[in-house]
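*Asks:* If you scroll down you'll find the structure; I have some questions about it.
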Amino acid sequence: MPILSFLLHLAGATMLLLFAVRMVRTGIERGFGAGFQRVLTQQSSRSGAAMSGLGLAVVLQSSAAVALLVSGFCTNGVLTFATGLAVVLGGDLGSALLIQVLSIRLDWLVPLLLASGGWLFVKSDQRRLRQYGRILLGVAFILIALRFLREAMEPIRESAFLPAVADYLASDYLTAFIVGAVLAFVMMSSVATILMCVTLVAIGAIPLEAGISLVLGANLGSAVIPLWLTRDMPQVARRVPIANLCLRGSWALIALLAVNALPITDYLAMGTPAQTLINTHIGFNVLLVIVSLPLLKVIETLVERVLPETETPDDLQAEAPMSVLDTTTLSNPALAQAGLKRELLRMAGLTEQMARPVLEVFETGDKARIGDLRRLDNHVNDALSGIREFVSAMPWSDMSKPDRKAVRQMMEYAINLETAGDIISKRLLPLATEKAKGGIKFSPAGWSELCALYDRVMANMQLAVNVLVSDDLESARQLMAEKSEVSRLEGKSRKKHLKRLASGEGDSFDSSDIHLDALRALKDLNSQYAAVAYPILYKGGQLLETRLITTLDEDEP
């Protein structure tokens with residue numbers, strides 16, 4: 001019975017820890033959205049890229065999340081292999097430093113975090129503040145989970161079971177290494193796994209030697225996580241996770257053998273055994289970054305030879321933007337609607353592909369890149385034409401009323417997506433060209449405001465695609481709240497810009513028209529994407545017909 005109670009409390013503490021880590025990461029991702037891309041892509045040096053990865057891992061509380069971001073950006077050609085691997089290595093170091101912060105006993109801070117985080121999350125109407133509340137609550141839950149973990153271990157620490165297991169792991173470091181790797185992979189979080197190991201060492205549940213082997217294994221397991229999660233992605237996306245696994249895995253095995261054969265831990269010792277374990281983890285990652293950064297080009301050459309990019313024949317490249325609509329499904333309303341939704345997803349992907357480099361061309365004014373983006377708009381227009389032809393060929397008389405309504409709604413959203421493409425090609429890209437021709441510069445404050453609004457719009461594009469796929473009512477409400485927030489940010493930025501004009505700032509005066517037009521265009525772009533939420537909200541009874549007062553007092557003139 002004590003063993004059953006121990007396992008139950010251990011499982012509860014572990015699940016709370018995993019939930020808390022995920023809660024913090026979710027809050028940061030929702031609060032800052034597409035800003036992560038600019039943080040990663042604006043770094044030109046290897047050390048700068050590693051520092052960006054370090055910062056993102058601390059913020060996201062997950063080196064695996066950083067690796068997944070890098071894989072996605074490598075797929076789109078936004079990041080090179082060398083820069084991406086530097087970011088991932090820095091991310092692993094960041095997660096190691098995060099362990100040091102989270103291992104500090106801060107139980108006294110829990111009530112303050114719960115009170116402030118709960119108030120922000122429940123009472124605030126602004127989405128960014130709500131996400132700050134989510135982050136604070138997540139940190140509080142992490143501290144609570146660690147306390148529960150310590151309490152769960154107390155009753156069984158003096159039993160014969162735990163010391164026997166601990167002694168076995170201490171004597172068989174290879175088994176401990178494998179257990180650490182499996183734990184990190186199963187828990188899908190190296191941060192949670194290593195925090196657990198540090199807590200167990202701190203309370204004397206396992207010896208330091210076993211803890212070091214477990215932590216080194218967790219480093220290997222953390223490198224397997226992004227490789228597993230990117231298993232269905234293109235070859236170019238998997239190069240960085242594979243290279244990181246090879247580097248981290250080989251380094252972990254070397255460190256395992258060295259630590260168990262040489263008195264290295266004596267040099268890492270500082271205070272308690274738990275602190276020594278943390279020092280070992282940090283030292284492992286620091287040395288890995290120092291050794292790997294100068295070799296990135298060599299590693300890139302080797303990886304390209306072992307994992308060559310699959311070349312696409314010219315005829316397949318030409319067919320890449322072709323429609324996914326299948327006329328053979330016209331007689332089946334369910335299959336026809338599924339095909340329409342797939343085509344809408346393709347249109348959304350094309351417009352997002354157009355929108356993603358907008359800030360880049362605002363900075364560079366690259367004519368060739370602008371031309372390529374404008375040509376993408378032709379594919380968006382062709383997609384709308386194909387949807388119109390497909391819808392007109394559907395047997396409307398044989399369709400039920402709900403099916404006809406659903407098709408009309410998808411047709412309307414296709415028009416919204418085509419309008420979104422026009423906003424990019426006919427409003428934003430000409431503004432970038434005008435800025436480059438005139439040698440115009442935004443004021444630092446103006447550029448910062450424009451970037452913040454752009455990041456919000458890009459995050460909302462992703463949210464809109466999720467709403468399109470899921471038809472989720474809560475996500476639709478969130479998208480509508482984001483639409484209001486974007487309008488608020490646009491108005492706030494416009495007012496700040498006018499104040500800068502009144503104060504006589506030269507850059508603000510020169511860029512005034514472009515700045516204001518870009519703000520309006522981004523707001524309109526966001527509105528076109530957000531339109532996907534209206535039918536879902538209306539169907540769920542969450543949308544008013546009108547904002548006007550429908551009745552007036554009879555005594556009023």
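Where a number appears in this text, it was derived from the coordinates with a stated rule and is not lab data. Remember, predicted model here, so these are calculated numbers, not experimental data. Using ideal geometry, Cβ is built from the backbone for each residue, glycine included, and neighbour counts are taken over all protein chains shown.
*Asks:* Would you kindly derive the ³J(HN,Hα) couplings of region 366-383 from the backbone phi angles with the Karplus curve 6.51 cos²θ - 1.76 cosθ + 1.60 (θ = phi - 60°), listing them in order in whole Hz, with x for Gly and Pro?
*Replies:* Using θ = phi - 60°, the values come out as 4, 5, 5, 5, 4, x, 4, 5, 5, 5, 4, 5, 5, 5, 5, 5, 5, 5 Hz.
*Asks:* What list of whole percents do you get for P(r) of region 331-389, with Cα-Cα distances grouped in 5 Å bins up to the one holding the largest distance?
*Replies:* That works out to 4, 17, 22, 19, 13, 10, 7, 4, 2, 1, in percent per bin.
*Asks:* Within 10 Å, count the other beta carbons around each residue, average over each peptide in 186-198, 422-434, 238-250, 525-537, and list them highest first. Display every interim value, and only then the final one.
*Replies:* Details: 186-198: 24.3, 422-434: 19.4, 238-250: 21.2, 525-537: 22.8.
In descending order of packing, they fall as 186-198, 525-537, 238-250, 422-434.
*Asks:* Each residue of region 401-409 in turn: what ³J(HN,Hα) in whole Hz from Karplus with 6.51, -1.76, 1.60 and θ = phi - 60°, glycine and Pro shown as x?
*Replies:* Karplus-based 3J(HN,Hα) across region 401-409 equals 4, x, 5, 4, 5, 4, 5, 4, 5 Hz.
*Asks:* ³J(HN,Hα) across region 290-296 via Karplus (A = 6.51, B = -1.76, C = 1.60, θ = phi - 60°), whole Hz, x for Gly/Pro?
*Replies:* Using θ = phi - 60°, the values come out as 4, 6, 7, 4, x, 9, 4 Hz.
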